[in-house]
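Every number here is computed from the coordinates shown, using simple stated rules; none is lab data. In this text, all values refer to a predicted model and were calculated from it rather than measured experimentally. Here the Cβ positions follow ideal geometry from the backbone for every residue, glycine too, while neighbour counts run over all protein chains shown.
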Amino acid sequence: MNAIEITDLTFRYPDGHAALRGLSFRLLPGECVALLGPNGSGKSTLLLHLNGLLPEKPGGDGAVKIYGESVSPGNLAAIRRQVGLVFQDPDDQLFCPTVAEDVAFGPQQLGLSASEIAAQVENALAQVGLTGFGARSTHHLSHGEKRRACLAGVLACNPKILVLDEPTSDLDPRGRREFKAMLRRLPATKLIATHDLELAVELCARTIILDQGRIIADGRTVDLLSDEKLMLAHGLERPHILHHLHPH
């Protein structure tokens, strides 16, 4: 069974802007796939469809299925348990006074007992390297710590699929390295929208390139990102890491 199955997904914003134009693709369980494309290509709009934050209708058409279940108004709670979405700006996601309260928010919605919630929070903080941060104020975290706290909040619900929007933007080189290492350790199926092409090469065997709401290419990351002509045509560039791996 596919983890994610998207069939002919189309979406227009109320102003008439066509953000997605007939997208179709599938992700198998355990895949880690990069979603690349210039700004305005539709990456974030696509991610918001995966847990029903943007409805397929009105304004859109097509089908989104998560492990065979349609993303539809009747089963959004079930879908959101399976799909953890990490936004590009951590401040859009953190809204509780302390880290532990924020990470506990998701498990609380699932109706777990207090002891189960505490265990989930501790486990999620450990997975992102924030053990001992529970009592810290979310306002006083560094940007990198905020990103980790957001990821912990998502992991606390044990999703099968992680959807990340620009997870390494605004991080310094060490923060980027650490975040990538952390993502690599997580077993969930992952779809990562990113401008960080090194991340795509290091973590994702497969890449989907989006431009103007259409899938331009879908294939092996190393093949697509080595194709200088393709990359330049869609506002991207061949990452430095490939100059070492595949010098031309």
Divide by every residue of the chain the summed helix terms, -39500 (n - 2.57) for each DSSP H run of at least 4, and state the resulting mean residue ellipticity at 222 nm, rounded to the nearest 500 deg cm²/dmol.
-> -10000 deg cm²/dmol
Rg and Dmax of the range 149-229 over Cα atoms: what are they, in angstrom?
-> 13.4, 42
Restricted to the chain, the DSSP antiparallel beta bridge percent, nearest 5, is 55 percent
Projected label distance in nm at His140 and His17, using a 7 Å step from Cα toward the beta-carbon = 3.9 nm
Taking the Cα centre of the range 123-248 as origin and charging only Cβ (+1 Lys, Arg; -1 Asp, Glu), how large is the dipole, in debye to the nearest 20?
-> 520 debye
Net length gained if the chain between Asn123 and His240 were fully extended (0.36 nm per residue, minus Cα distance) | 38.5 nm
At 20 °C and 1.002 mPa s, what whole-number value in µm²/s does Stokes-Einstein give for the translational diffusion of the range 1-128, with Rh from the Kirkwood sum over Cα pairs?
-> 131 µm²/s
Please report, in cubic angstrom per residue, the volume enclosed by the convex hull of the alpha-carbon atoms of the chain.
-> 123 Å³
Across all directions of projection, what mean area in square nanometres is found for the Cα convex hull of the range 103-248?
-> 10.2 nm²
Just the number, please: percent antiparallel of the DSSP beta bridges in the range 80-227, rounded to the nearest 5.
-> 45 percent
Neighbourhood net charge (15 Å Cβ-Cβ; Lys/Arg +1, Asp/Glu -1) for Asp196 = +1
Under a point-charge model restricted to the Cβ atoms of Lys and Arg (+1) and Asp and Glu (-1), what is the dipole moment magnitude of the chain relative to its Cα centre, in debye to the nearest 20?
-> 380 debye
Classify the range 63-160: rounded, prolate or oblate, from the alpha-carbon gyration tensor (a ≥ b ≥ c, eigenvalue square roots; a/c under 1.5 rounded; otherwise prolate if a/b is larger than b/c)?
-> prolate
How many times 2.2 N^0.38 Å is the alpha carbon radius of gyration of the range 126-172?
-> 1.16
Rounded, prolate or oblate: which fits the range 72-118 when a ≥ b ≥ c are the square roots of the eigenvalues of the alpha-carbon gyration tensor, with rounded for a/c under 1.5 and prolate only if a/b beats b/c?
-> oblate
Find the relative contact order for the range 47-191 and round it to a whole percent, using C-alpha pairs within less than 8 Å whose residues are 6+ positions apart.
-> 28 percent
Lysine pairs meeting the criterion (Cα under 30 Å, 8 or more apart or interchain), as found in the chain | 21
